[in-house]
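**Student:** Before we start, here is the structure in question, set down as structure tokens.
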Amino acid sequence: MEMTEPVRCSVDVGSGRLAGGSGRYEKRLSDLASLYADAEAYDALLRDGGDRVVYAVEDLRPSSAPGDMIFGVTRMAPGTVGDEFFLTRGHIHAIANRPEIYYGESGTGLMLMESPAGETRIVEVGARVVCYVPPFWIHRSVNVGPDDLVMTFAYPADSGQDYDIIARSGGMAQRVLRTGDGGWRAVPNASYRPRTADDVARVLASAA
Ligand SMILES: O=P(O)(O)OC[C@H]1O[C@H](O)[C@H](O)[C@@H](O)[C@@H]1O
Ligand SMILES: [Fe+2]
């Protein structure tokens, strides 16, 4: 059997980078059209504020073999579109029973999770907080603070990501908005279309 060499990576919390990682992708505001409730505020921010990087991910993917692991760092900028905080696209794992761990490095954020049947759970993430995303939960990160949100993550290498599950239901069931006093609140998403019992059964059956 061919042995893989161990790897040492360091997390640069200030820049949100994984030194020694091999992959990187960025999502700019223009990549995130239709995620936000307030389309006018989105257009205005893109026009007046420029096409800024909303989040960047650096990771190491040793392989995609079952049992292997992918890990990396996500850095999310602070900001809002209208009253809605910056968020990641969000997904369920393509093999839906694969879990994920997030570890807060800096900043203040939320892990917004939704079960296939439409239940919402929110875990607050800050420095030195671990968030466990169990199998079968759709997940998306939200930066609810004034600074960058930096999180280290790890998940099984064969998980994959299904982004379309969120688009198909008109977004996630809840949106996260700022409050007047600098906090956040979750409110129902008016565009949300719950999954049917058949849809839910299909998601649960997708696990290998
Ligand atoms: O994959 P996105 O929804 O664009 O978000 C950014 C993502 O970075 C990594 O891939 C993490 O493992 C994901 O769980 C995280 O959500
Ligand atoms: Fe994930």
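Laboratory data are not the source of any read-out in this text; all were calculated from the coordinates shown. Owing to the predicted nature of the structure, the values given are computational and were not obtained by experimental measurement. Ideal geometry is used to build each Cβ from the backbone, glycine not excepted, and the neighbour counts take in all protein chains shown.
**Student:** More than 26 Å apart: what percent of Cα pairs in region 10-205 qualify?
**Tutor:** When every Cα pair of region 10-205 is considered, 30 percent fall beyond 26 Å.
**Student:** Local charge sum around PRO78 (other residues, Cβ-Cβ under 12 Å, Lys/Arg +1, Asp/Glu -1)?
**Tutor:** Result for the neighbourhood of PRO78: +1.
**Student:** Give me the extension gain from ALA19 to VAL200: residue separation times 0.36 nm, minus the current Cα-Cα distance, reported in nm with one decimal.
**Tutor:** Gain in length upon complete extension: 61.2 nm.
**Student:** Mind checking the dipole of the chain: about its Cα centre, +1 per Lys or Arg Cβ, -1 per Asp or Glu Cβ, Debye to the nearest 20?
**Tutor:** Dipole about the Cα centre, nearest 20: 180 debye.
**Student:** Please give the length that would be gained between ARG52 and SER64 if that part of the chain were fully extended, namely 0.36 nm times their separation in residues minus their C-alpha to C-alpha distance (nm, one decimal).
**Tutor:** 1.2 nm
**Student:** Which FRET efficiency value, to the nearest 0.05, do you get for VAL129 and SER191 by plugging their Cβ-Cβ distance into 1/(1 + (r/R0)^6) with R0 = 35 Å?
**Tutor:** It comes out at approximately 0.70.
**Student:** Net charge around GLU26, counting only other residues with Cβ within less than 11 Å of its Cβ (Lys, Arg = +1; Asp, Glu = -1)?
**Tutor:** +2
**Student:** Further question: Which residue, GLY107, GLY23, GLY170, has the most motion in a Gaussian network model of the chain that connects Cα atoms within less than 10 Å?
**Tutor:** In this elastic network of the chain, the residue with the biggest mean-square fluctuation among GLY107, GLY23, GLY170 is GLY23.
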